[in-house]
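The values are calculated or read from the model by the stated rules, or taken from the named source; none is laboratory data. Predicted model, so just to flag it, every value in this text is computed and none were measured. Here the Cβ positions follow ideal geometry from the backbone for every residue, glycine too, while neighbour counts run over all protein chains shown.
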Amino acid sequence: MRKSSAALSVLALSALALTGCSAAPSVAGASCERDSSSNLADAVDVTGDIGAAQIDFAAPLRTDGAEYADLIVGDGTAVTTDNQTSIVAMTLLNGETGEPIVGPSVTLFNATEAARTPGMEAIVPCVTQGSRVVYSLPTNDLGEAAAAQIGMGLDENVIVVTDFIYVALPKAEGAAVFNTQRGLPSVVRAADGRPGIIIPDDAAPTEVVTETIIEGEGEVVGDGLPMFHATAVGWNDRSVLTTTWDEPTATDPGILPAEVQTALQQAKVGSQLLVVVPDPGNQSAQAWVVDVLGIIPQELSN
C-alpha cells in the first residue's frame with residue numbers, strides 16, 4: 001500500500017481545531033456531530049463508486065477558509081478514537097482549473113496523519129466507512145513555497161476528495177467466550193478497549209496456548225494484512241513488554257511472535273485473542289492479548 005504521496009505530504013504543515021461537537025459517536029471521550037458545509041457540497045459533483053471518485057466542479061472554486069462537506073454518509077464502522085485507522089482513497093485537485101494534482105491515492109489515514117495537513121483533523125471524528133468527503137483549503141494557509149510544490153499559487157484553493165474505503169474497529173467487538181482451561185492469565189479492559197493482563201501464580205504452560213476470549217463476527221484474516229492492537233506481558237516479572245495501544249492501529253504482523261501471527265491469521269475481525277508463548281527455560285514466557293480490528297485486502301497491501 002502506498003503511504004501519502006509527495007504531493008499529499010506537501011500539505012503537512014499545521015492543523016486547525018476540530019469543530020461542530022455536540023451529539024453523535026464520541027471521539028476521545030467527547031461527543032460530536034459532523035460540521036458539513038452545504039455550500040461546498042452544492043459546488044462539487046462527485047460520482048463513481050467509493051474508491052473511484054469522478055469529480056467535476058465549476059472552476060474556479062474558492063472558499064474563505066478550510067471547509068468540508070459530507071457527500072456520501074456511509075453506514076459502516078465510525079471513527080470514534082484518535083488512533084483508529086482507515087483505508088482511504090484521496091484525490092487532490094486544483095480549485096482554479098479543476099485539474100487533478102494527484103490521485104486517487106490509496107493510503108492509511110488516521111488522526112495522526114490528519115494532523116499533518118492543515119484542517120484535515122476536522123474531517124476525521126465520527127466519519128463512517130463508505131463515506132465520501134470533499135475538503136477545500138485556501139493555498140494561503142499552505143504558504144507560497146508549499147503551494148508552488150503542487151503547482152499552485154497563493155489566493156487559490158486546493159480541493160481534496162476523500163473516500164473512506166474501510167474503517168478499522170476501535171477495539172474488539174463480539175461475544176465473550178467462556179474458556180475452561182485453568183492457570184491462564186485473565187484479561188480486564190478499559191473503556192477504550194485497552195487490555196490489562198493479570199498473570200496467575202501458576203507456572204507458565206510448556207506449550208503454546210491460544211484462546212479466543214471475544215468472538216468477533218467479521219471475516220477471517222487469512223492471507224489478508226491484519227489491522228490490530230497487541231499487548232504483551234512477561235509471565236515471570238509481570239511487566240508490560242510491549243503495546244501498540246499508544247499508536248495508530250498496527251498493520252505490521254512482523255512485530256508479533258510467529259505463534260501469535262498464526263493465531264491472528266486464523267481469527268475473525270472483532271475478536272480478542274489470548275496467546276501464551278512459552279519459553280523452554282521457563283524464564284521469559286509471554287502472554288499476548290491481540291484485538292483483531294480489520295483487514296487490509298491483498299490488492300491494497302502492495
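Taken over the stretch 163-187, the criterion of being among the aliphatic types (A, V, I, L, M), within 30 Å of Ile50 (Cβ to Cβ) and over 18 Å from the mean Cα position of the chain (by Cα) is satisfied by Ala175 alone.
Can you tell which of Ala148, Ala191 is out of contact with any Leu (no Cβ under 7 Å at 6 or more places or on another chain), within 30 Å of Ile87 (Cα to Cα) and outside the structural domain of Asp279 (by TED's automatic domain parsing)? Step through it out loud before you land on a result.
Numbers: Ala191 fails: outside the structural domain of Asp279 (by TED's automatic domain parsing).
Going through Ala148, Ala191 in turn, just one is out of contact with any Leu (no Cβ under 7 Å at 6 or more places or on another chain), within 30 Å of Ile87 (Cα to Cα) and outside the structural domain of Asp279 (by TED's automatic domain parsing): Ala148.
Exactly one residue out of Arg238, Arg182, Arg189, Arg194 is at positive phi and without any contact (Cβ under 8 Å) to a residue 60 or more places away in the chain: that is Arg238. The sole residue among Thr251, Thr162 that is outside the structural domain of Pro125 (by TED's automatic domain parsing) and not small (Gly, Ala, Ser) is Thr251.
Every test in (1) closer than 21 Å to Gly174 by Cα; (2) without any contact (Cβ under 8 Å) to a residue 60 or more places away in the chain; (3) in a strand (DSSP E or B); (4) of a type outside the set (A, V, I, L, M) is passed by Glu217 save one, and that test is (3).
Look at the stretch 257-276: where a residue is in a loop (DSSP other than H, G, I, E, B) and a partner is among the hydroxyl-bearing types (Ser, Thr, Tyr) and modelled with pLDDT of 95 or more, sitting 6+ places away or on another chain with Cβ atoms under 6 Å, you get Ser271/Thr212. Just give me the residues in the stretch 121-158 being crowded, with 22+ Cβ neighbours inside 10 Å and part of a helix (DSSP H, G or I), in sequence order. Passing the criteria: Ile123, Thr139.
Please determine, by comparing only the residues of the stretch 188-209 that are crowded, with 18+ Cβ neighbours inside 10 Å and part of a strand (DSSP E or B), which one is farthest from the chain's Cα centre (by Cα). Spell out the reasoning first.
So in the stretch 188-209, the residues crowded, with 18+ Cβ neighbours inside 10 Å come out as 193, 195, 197, 199, 204, 209.
This time we only want the ones that are part of a strand (DSSP E or B), so: 195, 197, 209.
Details: Pro195: 19, Ile197: 24, Val209: 29 Å.
Here the residue is Val209.
Is it true that some residue in the stretch 170-178 is touching a residue at least 60 places away in the same chain (Cβ under 8 Å), of a type in the set (Lys, Arg), surrounded by 13 or more Cβ atoms within 10 Å (Cβ to Cβ) and part of a loop (DSSP other than H, G, I, E, B)? Checking the stretch 170-178: at least one residue is touching a residue at least 60 places away in the same chain (Cβ under 8 Å), of a type in the set (Lys, Arg), surrounded by 13 or more Cβ atoms within 10 Å (Cβ to Cβ) and part of a loop (DSSP other than H, G, I, E, B).
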